[in-house]
Every structure is written in C-alpha cells, then in structure tokens.
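Reading through the structure tokens given below for one structure.
Read-outs: derived from the displayed coordinates by stated rules, not from any lab. No experiment lies behind these values; they were computed from the predicted model shown. Because the Cβ atoms are built from the backbone with ideal geometry, glycine has one as well, and the counts that use them run over all protein chains shown.
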Amino acid sequence: MLDSATCKPDVWTMNIILSLFGNSGQVGLMEKWYEKFRGYGIEPETRTLNILIGAYGKKRMYDKMSAVMEYMRRLAFPWTTATYNNVIEAFAGSGDAKNMEDTFNQMRSEGMKPDTKTFCCLIHGFSNAGLFHKVVGMVKLAERLDVPANTSFHNAILAACAKAEDLMEMERVFRHMKHMQCAPDATTYSILVEAYRKEGMTDKMYALQQENPSLVPTELVMV
C-alpha cells in the first residue's frame, strides 16, 4: 500500500496499524511504523497520539507517555477523555493511586467529562492500591454524575470486592447487576468463581455453573 499509486495509506491506516502493535505490546514495531508513516507525509491526529499514550502507559513507559502528552500540548492537539483514560489506566495498573487521582482531578478541572471507562480504571487502581474506601467513593461519584453502569463497570466493582475479600458485598453487587438487567459476561463469572474458589465455597461455584452453563463451563468450577 505504501508504494501504491492508487491506494495510498492515510491517517486511518496509520491508526489501525499502530493500534495493532500497541495493543499487543509491540511498542518497538509501533514506533517503527509511526516513523514510517510520518516519512510518507502522513500527519498524526489526536486519536493517533492517544494510541501511543495508551501503548506506552500499558508498558509503564511513563517518560515516553509524558513526552507525547507534552507534544500534544505544544502543537495544540486537544487532550480528550480518551487521553486522560489512557493515563489513568496506566497508573491504575501499577496501583499508583496518587498520580492516578491527580490525573483524574486535572481531567475534571479542565471540564472533561469522565465516562464509564474512566471509573472502571479508577476502581481498578484504588483496588490495586488497597484503598477500598476510595472504591466506594468512586462508585458513588459515578452514580451522581449519571455515568452508565454497564457490565464492565459492574465487573470492576466485583473484582474490587473480591480483592477485598468482601464476598457479601460482591454478591450484593451481582444481584443488583442482574436486577438492573445488566447482563453478566464471562469475566463476571470468572471473578465470582475465583473468589469462591479461594474460600473453598464449591457449592456456590457449582450454583453459578447451573445458572449459566454457557458462560461457566464445567472445567472452570472443577477444583
């Protein structure tokens, strides 16, 4: 495609290729292709730079992540919700609650509206840091801001409850999830099964398998 006279690549092509390598953790190849596309005169857009930030964040390459963000500021690329989400997600993965919370506060101070992914990352990060009271605070804030509570959002809360070994609250959230007609997925059941497995609650594991055999295969509950 790069050598074609009739089918020239554009920024969409660039974004797809960078996402492919970035999402698979192949940062070196991502950078190589970024430079190759730039060499062909293709200029990045905000989404392109968000892809780079996300990839660097997942690898905890904070210097490069910050460099891209500074580049965006310098060239007047807007920081979007996705930009902030990528940074929050990076700090959440390492349980760096302070930098994660500072980023979230900056996001709000700039008038950027957090979305469901924002709160999933915050809940995950505070859970990783062992700050479960802040998990509760984030859930309440999401409710006040009318952030859609989808399956991923409930899964984040369930995982936090499981990490805190609060199975009663985990079960309450699961019941509420179903009451709100928010369909559990394979991740939901995996979280529940693992929490029960740690406590040796095989009866509850098998009850989940009976409830939804398509998402809880027999091998998942075997001990």
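Just a few scattered comments:
- Dimensions (Å) - the chain, Cα atoms, principal axes, largest first: 63, 40, 29
- Annotation: for a label point projected 7 angstrom from Cα along Cα→Cβ of residue 133, residues of segment 98-118 with backbone N closer than 16 Å are 98.
- Residue 185-residue 140 pseudo-label distance in nm [points 7 Å out on the Cα-to-Cβ vector]: 2.9
- Based on C-alpha pairs under 8 angstrom that are at least 6 apart in sequence, the chain has a relative contact order of 11 percent.
- A Förster distance of 30 Å, applied to the separation of the beta-carbon atoms of residue 168 and residue 59, puts the FRET efficiency at 0.20.
- FRET efficiency, residue 67 to residue 115 (Cβ-Cβ, R0 30 Å, nearest 0.05): 0.75
- Of the GluC sites (Glu not before Pro) in segment 122-198, the ones in a loop by DSSP (not H, G, I, E or B) with at most 15 other beta carbons within 10 Å are 165.
- By the rule of a C-alpha distance below 22 Å, with chain neighbours fewer than 8 residues away ignored, the lysines paired with residue 163 are 58, 98, 117, 134, 140, 178, 198, 204.
- Loop-located GluC sites (Glu not before Pro) across segment 1-105 with a Cβ neighbour count of 16 or fewer within 10 Å are 45, with loop assigned by DSSP.
- The chymotrypsin sites (Phe, Trp or Tyr not before Pro) of segment 22-54 meeting both criteria, a DSSP state outside H, G, I, E and B (loop) and at most 16 other C-beta atoms within 10 angstrom of the site's C-beta, are 40.
- Relative to the longest principal axis of the Cα atoms of the chain, the long axis of helix 167-179 makes an angle of roughly 70 degrees.
- Helix-only CD estimate at 222 nm, as mean residue ellipticity for the chain, using -39500 (n - 2.57) per DSSP H run (n ≥ 4): -22000 deg cm²/dmol
- Stretching the chain fully between residue 99 and residue 81 yields a gain of 4.8 nm (0.36 nm per residue, less the alpha carbon separation).
- Against the main long axis of the alpha-carbon atoms of the chain, helix 116-128 sits at an angle near 70°.
- The charge dipole of the chain, taken about its Cα centre with unit charges on the Cβ of Lys, Arg, Asp and Glu (plus for the first two, minus for the last two), comes to roughly 340 debye.
- Gyration tensor verdict on segment 1-78 (Cα atoms; rounded if a/c is under 1.5, prolate if a/b is larger than b/c, oblate otherwise): oblate
- For segment 109-208: relative contact order, % (alpha-carbon pairs under 8 angstrom, 6 or more apart): 23
- With Cα atoms, 0 to 90° folded angle of helix 46-58 axis to the chain main axis: 50
- Ranked 116, 46, criterion: other C-beta atoms within 10 Å, fewest first: 46, 116
- Residues 96, 166, 63 in ascending order of nearby Cβ atoms (within 10 Å, fewest first): 63, 166, 96.
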